[in-house]
Amino acid sequence: MKQTKQAILLRCASLLTLLFCAGHTYGSLKITSRDPEEAAVFMAMQAYPFSIMGFRRTHWDFYQGLSLLFSATLLLLAVLLWQLAALAKDDPARVRPLVATLTLGYLAFTVLSGMFFFTAPAVVSAAATVCIALAFTSRTRPGPAATLE
């Protein structure tokens with residue numbers, strides 16, 4: 001079956017998202033030596049548990065948990081983009097609304113990565129955003145559901 005431009009772009013975005021996931025997960029699980037000021041912040045995050053909804057948690061629990069949650073989300077998005085690419089081969093017009101939604105979501109990832117993190121996640125997010133936006137704007141042939149009888 002012939003690959004459509006839309007499908008190729010979605011697969012590229014999927015691979016970029018997988019790269020983002022791998023980098024983020026590695027960075028969040030990697031144990032690094034910290035300078036005394038950074039070590040003091042992390043120790044403080046771990047030292048003071050508080051009650052929330054019947055559980056005792058620390059800010060460190062939230063920091064680690066949200067980091068791993070984001071890794072799981074990136075993996076889910078990479079798989080979703082790969083699956084959308086397969087659907088786009090058969091009926092690109094039907095996946096267009098989903099691609100539009102993902103374009104907006106990835107645009108938010110890009111902006112937030114640039115505002116709150118550093119260059120690498122912002123650049124990878126921007127590249128995936130461009131691929132998804134191009135997939136949205138690529139010409140689509142009408143699928144079976146879009147034809148009039």
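The values are calculated or read from the model by the stated rules, or taken from the named source; none is laboratory data. The structure presented is a predicted model; accordingly, all values stated were derived computationally and were not measured. Neighbour counts run over all protein chains shown; Cβ positions are idealised from the backbone, glycine included. Surface areas here come from the heavy atoms of the whole protein model, side chains and all, with no ligands, DNA or RNA. Shrake-Rupley method; radii C 1.70, N 1.55, O 1.52, S 1.80 Å.
Things worth noting here:
- Radius of gyration and Dmax over the Cα atoms of the stretch 26-70, both given in Å: 11.9, 35
- Most to least accessible of Val95, Val124, Val79 (protein chains only, probe 1.4 Å): Val79, Val124, Val95
- Accessible area per residue for the stretch 1-86 is 68 Å², calculated with a 1.4 Å probe on protein heavy atoms, without ligands, DNA or RNA.
- Of Leu75, Leu102, Leu112, the one that fluctuates the most in a GNM where the chain has Cα springs shorter than 10 Å: Leu112
- Gaussian network model of the chain, springs between alpha carbon atoms under 10 Å - residue of Asp61, Asp91, Asp35 with greatest fluctuation: Asp35
- The C-alpha atoms of the chain define a longest principal axis, and helix 5-29 lies at about 10 degrees to it.
- Its Cα centre serving as origin, the chain has a Cβ charge dipole (Lys and Arg +1, Asp and Glu -1) of approximately 500 debye.
- The C-alpha atoms of the chain define a longest principal axis, and helix 36-47 lies at about 90 degrees to it.
- Here the chain is described by how far its Cα atoms reach on the three principal axes: 68, 35, 25 Å, from widest to narrowest.
- Among Phe62, Phe50, Phe117, the largest mean-square fluctuation in a Gaussian network model of the chain, built with springs joining Cα atoms closer than 10 Å, belongs to Phe50.
- Each of Trp60, Trp82 has its accessible area taken with a 1.4 Å probe; listed largest first, they run Trp82, Trp60.
- Largest-first ordering by accessible area, 1.4 Å probe, given options His24, His59: His59, His24
- Among the protein heavy atoms of the chain, carbon and sulfur supply 71% of the accessible surface, probe 1.4 Å, non-protein parts ignored.
- Estimated from helical segments only, the mean residue ellipticity of the chain at 222 nm is -26500 deg cm²/dmol, where each DSSP H run of four or more residues counts as -39500 (n - 2.57).
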